[in-house]
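Novice: I'd like to ask you about the structure that follows.
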Amino acid sequence: VSRSSRRAAGPPRRLSANVLPPPPEEDASKAAQAGPPWTKAQLSAVLSGLHTLGYGRPAELRAAASATLGGRDDAEVAAVVDVAVMVALACVREQAEQDGAFDAEGAAAEWEASRHRLWHFLQRGAPPAAGATPAPPPEPAMRVPTSLEGWFSTRIASRAANLLAALLDLRRLRTAIEAAGVGGVPAAEGGGVEVGAFHAPVLPARLQKPAILGPVVPGAAGADVADEAADGAYAAAPTLADEAADGAAAARIWGEAEDTDLLLGVHAHGIGSWGAMLADGSLRSLHGLTLLSEGGREAGGEAGSLGATSSGGPEAAHDSSSAGAVEPRQLRNRLRHLLAALPVLAAAATAEGDSPSQRENASPHGAGEGGEDAPCALQRAGAATAAERFVLSLYPAGCERPAPAKVGMSGGGGGGGEGGGRRGR
């Protein structure tokens, strides 16, 4: 019986009284500058944004929930995010202790060291330099109002492991995008994603692609295909394309351009903000598509409370004049595979102490490119493997991720490469 199965079958877990980290000691002057107490709506908005946008992005989080967090500055939002991460770490540790993970000698000390490593990776997006010991998380810079402590801890505890896994996924994505020289953040006015050398990893054909339904001709034989999809049918792309061809415009096939724009859109707008992505003109392969379900965000989950607008309106399940339509559930499944297949680049994630010229000359594709000689390429390959092991070891029990090479054919974060790059966007 797996650990996750034992956990699911066990009694409901009870939080200990010390899950929330102790508040910092404050004098009267600091307390006066702390601002008004946090409300439940504000804390909920921060937690939702943390699930969808990831760690270290307080400005984007405030912008996504401006109606709720408009009176808070970046430092205040970042402080709540830090407390939420510390609470999640404490909850995962407590669960591991209940599962008997600390029975072996030295297990508790190793877990504490892994907590420091995870905190370091969230901060830097890279493993520590060789021989360096990651520093422990600092004391929190704020405290949750006493009346909301129980609610705050319980909400995080119910999904603590999933939250930490999502933060690691999104940090890997952010590192890959930044390593490729892509901003990937909506502009202050008008939105838009800056496009650079980033491209999505190449996934094997066995992993199902989202089906893109073509515009439906009213009264044609293929119209009922869109009706079935709008009702929640989940068919493979070739089947939908074949059926649509009988009386409707053929469905467009999902490709590498859509994979790349999906990852860039998630980085810019957040997981689940499908409507915002499809309305973003800089994501050319996705722009103009509509959703087969109501609204621009998936129903339920942490993503549901951020409040993005729909590209097609809450009443439109499928717009026959659009460039096509996709189902949110298929987008989420595809995203899960793409995030798992993101490689940990040696150029971006292992050489924390390298100079800019060393990082520029490093090739993520191995020997023979970028002017590297064979020994240097082998050294880089070994560093990339070590970095990958480091990152994969950070995921909590029950939320482990496979090695990228086991998911896809490893495309990459930056540069070209056969079958991997997108040129001339």
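Novice: Sort out which residues of segment 130-156 are closer than 19 Å to residue 45 by Cβ and either touching a helix residue (DSSP H, G or I) at 6+ places or on another chain (Cβ under 7 Å) or polar (S, T, N, Q) (or both), and write them in order of number.
Specialist: Of everything in segment 130-156, those that are closer than 19 Å to residue 45 by Cβ and either touching a helix residue (DSSP H, G or I) at 6+ places or on another chain (Cβ under 7 Å) or polar (S, T, N, Q) (or both) turn out to be 140, 141, 142, 144, 147, 148, 151, 152, 153, 154, 155, 156.
Novice: Scan segment 77-88 and report the pairs whose first residue is within 13 Å of residue 153 (Cβ to Cβ) and buried (at least 23 other Cβ atoms within 10 Å of the Cβ) and whose second residue is at pLDDT below 95 and basic (Lys, Arg), with Cβ atoms within less than 7 Å and a gap of 6+ or a chain change.
Specialist: none
The values are calculated or read from the model by the stated rules, or taken from the named source; none is laboratory data. Treat the numbers as computed from the prediction; the structure is a model and nothing was measured. Quick reminder, even Gly has a Cβ in these numbers, built from the backbone with ideal geometry, and neighbours come from all protein chains shown.
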